[in-house]
Amino acid sequence: MISDALLAYAHFAAVFLLFAFLTVEAMLLRHEVDAKTATLIARTDLWYGASAGLVLITGLLRVFFGAKGSAFYLENPMFWGKVALFAVVGILSIKPTLMFLRWSRSLKANAAFVPEESERRTARRLVMTQLHLAALLPLAAVLMARGVGFI
C-alpha cells in the first residue's frame with residue numbers, strides 16, 4: 001500500500017515539475033530573447049525534457065508495479081488516450097528544443113546573437129500549445145482512475 005502511494009507521489013511530483021519548467025519557458029518567451037535569456041531557455045528546456053522522462057518512468061512504474069495492476073491500465077481506452085496526448089505534447093516539443101539548441105550554438109559562435117522575433121513567436125506558440133494540451137493530462141488521469149472509458 002505504501003509503495004503504491006509513493007509511486008503516485010513520485011508521478012505527481014514529476015508532473016508538477018514538467019508544468020513548472022514548461023511554464024518558465026512560456027514566460028521567458030514572452031518578450032525579446034537576449035543572450036542571457038536564450039541560455040536560460042535552453043537550460044530550462046533540458047530540465048523540461050528530464051521531467052518528461054521522469055513522468056514517463058514513474059507512469060510506467062505505476063502501471064506495472066502499482067496497486068491497480070497493469071490490466072486496469074492496458075485495457076482502459078482512457079489510458080491510451082492519455083498516452084497519445086503525452087506523445088503529442090512530446091512531438092510538439094521537438095521543434096522548440098531544436099530552436100533552443102540552435103540558439104545556443106549561435107550564441108557560442110557570436111555572443112551578440114539574438115533570435116529573430118518570428119522564431120521567438122513560433123517557439124512561444126508551440127510551448128503554449130504544449131502547455132494547454134498537457135493541462136488535459138490530469139483530466140484524463142482523473143477520468144481513467146474513475147473507470148471512465150470502460151464499457
Close pairs (6 angstrom Cβ cut-off, 6 or more residues apart or separate chains): in contact (Cβ under 8 Å) with a residue 12 or more places away in the chain and under 13 Å from residue 76 (Cβ atoms) in the stretch 134-149, part of a helix (DSSP H, G or I) and open to solvent by 60 Å² or more (accessible area, probe 1.4 Å) anywhere: 149/77
Neighbours by Cβ (under 8 Å, 6+ apart or cross-chain): first from the stretch 108-127, closer than 13 Å to residue 42 by Cα and open to solvent by 70 Å² or more (accessible area, probe 1.4 Å); second in a helix (DSSP H, G or I) and not basic (Lys, Arg): none
All positions within the stretch 28-48 that are open to solvent by 60 Å² or more (accessible area, probe 1.4 Å), under 15 Å from the mean Cα position of the chain (by Cα) and either more than 18 Å from residue 104 (Cα to Cα) or not basic (Lys, Arg) (or both): 46, 47
Index of the failed condition, residue 7 passing every other in (1) modelled with pLDDT under 95; (2) within 18 Å of residue 62 (Cα to Cα): (1)
The stretch 69-93: number of residues that are of a type outside the set (Gly, Ala, Ser) and either farther than 19 Å from residue 137 by Cα or open to solvent by less than 30 Å² (accessible area, probe 1.4 Å) (or both): 4
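The values are calculated or read from the model by the stated rules, or taken from the named source; none is laboratory data. All values derive from a computational prediction rather than experimental measurement. FYI the Cβ positions are ideal-geometry reconstructions off the backbone, even for glycines, and counts take in every protein chain you see. Just so you know, the surface numbers come from the protein's heavy atoms only, side chains and all, with ligands and any DNA or RNA stripped out. Shrake-Rupley method; radii C 1.70, N 1.55, O 1.52, S 1.80 Å.
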